[in-house]
1. So what are the three principal axis dimensions of segment 1-93 from its Cα atoms, in whole Å, longest to shortest?
2. For 58, 65, give me the order by solvent-accessible area with a 1.4 Å probe, most accessible first, ignoring ligands, DNA and RNA.
3. Treating only the Cβ of Lys, Arg, Asp and Glu as charged (+1, +1, -1, -1), what charge dipole size does the chain show about its Cα centre? Round to the nearest 20 debye.
4. Go through 70, 57, 35 and say which Cα lies farthest out towards the positive end of the charge dipole of segment 34-80; charges sit on Cβ, +1 for Lys and Arg, -1 for Asp and Glu.
5. If you look at just the Cα atoms of segment 46-85, how large are its Rg and its Dmax in Å?
6. Rounded, prolate or oblate: which fits segment 3-55 when a ≥ b ≥ c are the square roots of the eigenvalues of the alpha-carbon gyration tensor, with rounded for a/c under 1.5 and prolate only if a/b beats b/c?
Amino acid sequence: MAWKSIENLAQIQQLKEESKTQPVLIFKHSTSCSISGMAWNRLQRNWQDEDFEKVSPYILDLLSYRDISNAIAVEFAVGHESPQVILVKDGMAYYDSSHMGINYQEIIGQVG
């Protein structure tokens, strides 16, 4: 199983609905930023197959989809950061972190 890409605004409502049955993780990634690349690489290296059973992960290329990135910030009432992870449960953000604060163990600890 792979991370799903967010590529249209309608997906925001879909992942809010999905979060009612399983937590959703959004990784906002700037493909031109070395810090974002490093955070993404660290997260991918640590990600385990069994993590897909705990959380549904999505990635957003915010350079290609800046309007979606802005909509996510508004919809979930979180300040825009890049890179950034946002955990969503029951349609609401309950955890977010950015830059070098993005930590696999902390994320997985949040989803139980």
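The values are calculated or read from the model by the stated rules, or taken from the named source; none is laboratory data. None of these values were measured; they are calculated from a predicted model. When we count neighbours, we look across all protein chains shown, and the Cβ atoms used for this are built from the backbone with ideal geometry, even at glycine. Side chains included, ligands, DNA and RNA excluded: accessible areas come from the protein's heavy atoms. Shrake-Rupley method; radii C 1.70, N 1.55, O 1.52, S 1.80 Å.
1. Cα extents, longest axis first: 34, 31, 19 Å.
2. Listed by decreasing accessible area, they come as 65, 58.
3. Dipole magnitude for the chain comes out near 160 debye.
4. Selected residue: 35.
5. 12.3, 32
6. It comes out oblate by the Cα gyration axes.
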